[in-house]
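Visitor: I am attaching a structure below and will ask some questions about it afterwards.
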Amino acid sequence: MIIVIIGAQWGDEGKGKVVDLLADRFDVVSRYQGGHNAGHSVYVGDKSFVLRLLPSGIIHPDKTCVLGNGMVIDPKAFFEEVDQIAEQGVSVSPERLKVSSRAHLIMPYHRALDHTSEERLGNEKIGTTLRGIGPAYEDKAGRRGIRVADALSPELLKLRVERNLEEANRIIVLFGNQPLRANEILEEVSPLVERLRPFVCETSKFLADARRSGKKILLEGAQATLLDVDHGTYPYVTSSNPTAGGASVGAGIPPHHITGVLGIVRTYATRVGEGPFPTEMLDEEESIAHLIRERGNEYGSVTRRPRRCGWFDAVSTRYAAELNGFDSIALTKLDVLDELDEIKVCIGYEANGQRIDTFPAVSHDLRAIKAIYQTLPGWKTDTVGTTEFDKLPENAQKYVRFLSEQVGVEIGLISTGPERDQTIVLKNSVMEKWFSV
Ligand code: GDP
Ligand code: IMO
Ligand code: MG
């Protein structure tokens, strides 16, 4: 059994919590795209973890985790994370952590290029995490990237770094920044690559063998559908494919071996960085955004940037459901809305007086869009930690049912707090079936 977990909005939907929860029932957890631009928080008792590069399953000592070929890996960030979670009592050995030989490495000049590119764009900047993600994927598509397998050969690593740096430095210097030196990069990266060697693996073969021997595999998406380089709000996107098709490519798994797709959806929407956001709470709704930000701790887990907050958008979530083929939805952060008198849900868009029900391809169209809302009554009751659907206040039940109807997909799990046991699994749902395997 192979299940893919995908964010339906602009990221930070609570993928980490749900992956951690499901990981208990699975054997292997693999990431398939992105890098340490992700920040997946997991709470276990009095401990909290923020996973960036490592799959959220790593916290379970008996699970194997994989960093797939579709990822971009900063070796420095990788070992910082490995060392940090080791300090938190989680041991990470090459026996249970596999890094694809085909994944690409993020080099120090990618970070410098990310900074340079954002400075150049000025007001038009993307608002990236400045981790070098975009430039590393550019090198991959430009067929000059350095893959993990290449880096294991010191001669090849030197050759590639010197050649790529020449080009990178031209851009870095042109925009007034200091050039980087190849020998310094090699001094930093070479020992890290050596330390990485025992973790390196033919991960698609590893995953195929695992599946064949009856192991259950979770594929953990990072970022989300509306940040997908093809399907998201381009150019305000990340540089990879978090959507379901990307899971097959980025983990090296045949599409027909994927059993199901779980969408992670928040009861409201957030966005970090720039880009269009049709349901953003602005002006007179600023106080609601503030309340949600504080109750929901909506600050970037990587960059600590305050997240922009908005109402649930059924148009973009329907789009995400169709693109990914969600079989079930995990609805997170119900408790965050507990204090609201009324809750708005965007049920359609309007542009130039015309109703549109599809998600526009052009980002500036989205800026001009007016969201059409339906307002539902709040429940004004504490739902934190509720574990049964029937115990939710009636208006909360209605809200959940309304979202499910609007999106056209079952809601199989409801999260009522960051902890593992603050969760409702809906009876007779697809989700319950996956949960009980
Ligand atoms: P991810 O990137 O999708 O894994 O999400 P993040 O971890 O970046 O952000 C989600 C935040 O919400 C984390 O701090 C989670 O611990 C927290 N969280 C997840 N589910 C719930 C929930 O149901 N209620 C509340 N209050 N917090 C939640
Ligand atoms: P998780 O996995 C939210 C956003 C950045 C920026 C854009 C491009 O925790 O949901 P990048 O550094 O990837 O080139 O930045 O994408 N972004 C995220 N926003 N959650 C994330 O990950 C994100 N990863 C990237 O803020 O707008
Ligand atoms: Mg996050």
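The values are calculated or read from the model by the stated rules, or taken from the named source; none is laboratory data. From a predicted model like this one, the values you see are computed outputs, not experimental measurements. For neighbour counting, all protein chains shown are included, and Cβ atoms are generated from backbone atoms with ideal geometry for every residue, glycine included. Ligands, DNA and RNA are excluded from the accessible area calculation, which covers all protein heavy atoms including side chains. Shrake-Rupley method; radii C 1.70, N 1.55, O 1.52, S 1.80 Å.
Visitor: Relative contact order for the chain: what is it in percent, counting Cα pairs under 8 Å that are at least 6 residues apart?
Guide: Values: 955 pairs, mean separation 84.9, N = 437.
Here the relative contact order equals 19 percent.
Visitor: Under 5 Å between amide H atoms, partner at least 5 residues away or on a different chain: which partners does M71 have, H built in plane at 1.01 Å?
Guide: Under 5 Å from the amide H of M71 lie the amide H atoms of H104, each far enough along the sequence or on another chain.
Visitor: Could you tell me which residue out of L218, S190, P154 lies farthest along the dipole of region 154-252 toward its positive end? Charges go on the beta carbon: Lys and Arg +1, Asp and Glu -1, centred on the Cα centre.
Guide: Of L218, S190, P154, it is L218.
Visitor: Can you give the charge dipole size of the chain about its Cα centre, rounded to the nearest 20 debye, using +1 on the beta carbon of Lys and Arg and -1 on the beta carbon of Asp and Glu?
Guide: 1180
Visitor: Evaluate the relative contact order of region 264-435 (contact order divided by residue number), counting alpha-carbon pairs under 8 angstrom at least 6 apart; express in whole percent. Each step should come with its number before you reach the end.
Guide: Numbers: 315 pairs, mean separation 41.3, N = 172.
Averaging sequence separation for qualifying contacts and normalising by length gives 24 percent for region 264-435.
Visitor: May I pose another question? In the chain, what percentage of the DSSP-assigned beta bridges are antiparallel, given to the nearest 5? Don't skip to the end; give the middle numbers.
Guide: Working: 25 of 61 bridges.
Bridges in the chain are about 40 percent antiparallel.
Visitor: Could you go through region 422-437 in sequence order and give the Karplus-derived ³J(HN,Hα) for each residue, using 6.51 cos²θ - 1.76 cosθ + 1.60 with θ = phi - 60°, rounded to whole Hz, and x for Gly and Pro?
Guide: For region 422-437, the Karplus curve yields 8, 8, 10, 9, 6, 5, 6, 8, 4, 4, 4, 4, 5, 6, 9, 6 Hz.
Visitor: How do 207-213, 277-283, 309-315 rank on mean C-beta neighbours within 10 Å, highest first?
Guide: Details: 207-213: 15.4, 277-283: 18.0, 309-315: 25.3.
Order by mean packing, descending: 309-315, 277-283, 207-213.
Visitor: At a 1.4 Å probe radius, carbon and sulfur cover how many percent of the accessible area of region 264-435?
Guide: Summing carbon and sulfur atoms, their accessible area is 46 percent of the total for region 264-435.
Visitor: While we're looking at this one, here's another question. Give the lysines reachable from K370 as a straight Cα distance under 21 Å; neighbours fewer than 8 places away on the same chain don't count.
Guide: Candidates past the 8-residue exclusion: K344.
Visitor: Can you pick out the pairs among K216/K398; K15/K47; K98/K427 whose Cα atoms lie more than 28 Å from each other?
Guide: Result: K216/K398; K98/K427 exceed 28 Å.
Visitor: Which of the aspartates and glutamates could a cross-linker bridge to K76, judged by Cα under 18 Å and excluding same-chain residues fewer than eight apart?
Guide: Cross-link targets: E87, D114, D150, E184, E187, E188, E194.
Visitor: OK, next. Using only Cα positions of region 104-196, each an equal point scatterer, no hydration layer, compute I(q)/I(0) via Debye at q = 0.25 Å⁻¹ and quote the log10 values to two decimals.
Guide: Relative scattering, expressed as log10 I(q)/I(0), comes to -1.37.
Visitor: Given H placed on each backbone N at 1.01 Å, which residues far from Y349 in sequence or on other chains put an amide H within less than 5 Å of it?
Guide: I356, I372
Visitor: Find the all-direction average of the projected area of the Cα convex hull for the chain, expressing the result in square nanometres with one decimal place. Don't skip to the answer; put the middle values down first.
Guide: Details: hull surface 82.0 nm².
Convex hull of Cα atoms, orientation-averaged projection: 20.5 nm².
Visitor: Along the positive direction of the dipole of the chain (beta-carbon charges: Lys, Arg +1; Asp, Glu -1; about the Cα centre), which of V265, Q33, I411 reaches farthest?
Guide: My answer, from the dipole projection, is Q33.
Visitor: Can you order the peptides 243-250, 26-33 by their average number of other Cβ atoms within 10 Å per residue, highest first?
Guide: By packing density, highest mean first, the sequence is 26-33, 243-250.
Visitor: What number comes out for accessible area per residue over the chain if the probe is 1.4 Å? Units Å², please.
Guide: Accessible surface, normalised per residue, equals 41 Å².
Visitor: From the helices alone, meaning DSSP H stretches of at least four residues, give me the mean residue ellipticity at 222 nm for the chain, per-run term -39500 (n - 2.57), in deg cm²/dmol to the nearest 500.
Guide: Calculated mean residue ellipticity at 222 nm is -10500 deg cm²/dmol.
Visitor: Using a 1.4 Å probe over the heavy atoms of the protein chains, calculate the carbon and sulfur portion of the accessible area of region 104-196 as a whole percent.
Guide: Carbon plus sulfur share of accessible area: 51 percent.
Visitor: Next question. Evaluate the relative contact order of region 215-316 (contact order divided by residue number), counting alpha-carbon pairs under 8 angstrom at least 6 apart; express in whole percent.
Guide: The value is 21 percent.
Visitor: Using only alpha carbon positions, build the gyration tensor of region 264-435, then give the equivalent ellipsoid semi-axes as the square roots of 5 times its eigenvalues, largest first, whole angstrom.
Guide: Those come to 25, 19, 16 Å.
Visitor: Would you work out the charge dipole size for region 264-435 about its Cα centre, treating the Cβ of every Lys and Arg as +1 and the Cβ of every Asp and Glu as -1, and quote it to the nearest 20 debye?
Guide: Details: 21 positive and 28 negative charges, 81 e Å.
Using only the charged Cβ atoms, the result is roughly 380 debye.
Visitor: Additional query: So for the chain, taking the charge dipole from beta-carbon charges (+1 Lys/Arg, -1 Asp/Glu), which of A141, P55, T233 sits furthest toward the positive end?
Guide: So the residue furthest toward the plus end is A141.
Visitor: Pop out the ³J(HN,Hα) list for region 150-159 in order, Karplus 6.51 cos²θ - 1.76 cosθ + 1.60 with θ = phi - 60°, rounded to Hz; leave Gly and Pro as x.
Guide: Calculated HN-Hα couplings, in order: 5, 5, 5, 9, x, 5, 5, 4, 4, 4 Hz.
Visitor: Please list, or write none, the aspartates and glutamates whose alpha carbon is within less than 16 Å of the alpha carbon of K17, excluding same-chain residues fewer than 8 places away.
Guide: Filter leaves D46, E220, E298, D335, E419, D421.
Visitor: Can I ask one more? Would you compute the Debye intensity of region 281-365 from its alpha-carbon atoms alone, equal scatterers and no solvent, and pass along log10 I(q)/I(0) at q = 0.12, 0.17, 0.19 Å⁻¹ to two decimals?
Guide: Evaluating at q = 0.12, 0.17, 0.19 Å⁻¹ gives log10 I(q)/I(0) of -0.48, -0.95, -1.12.
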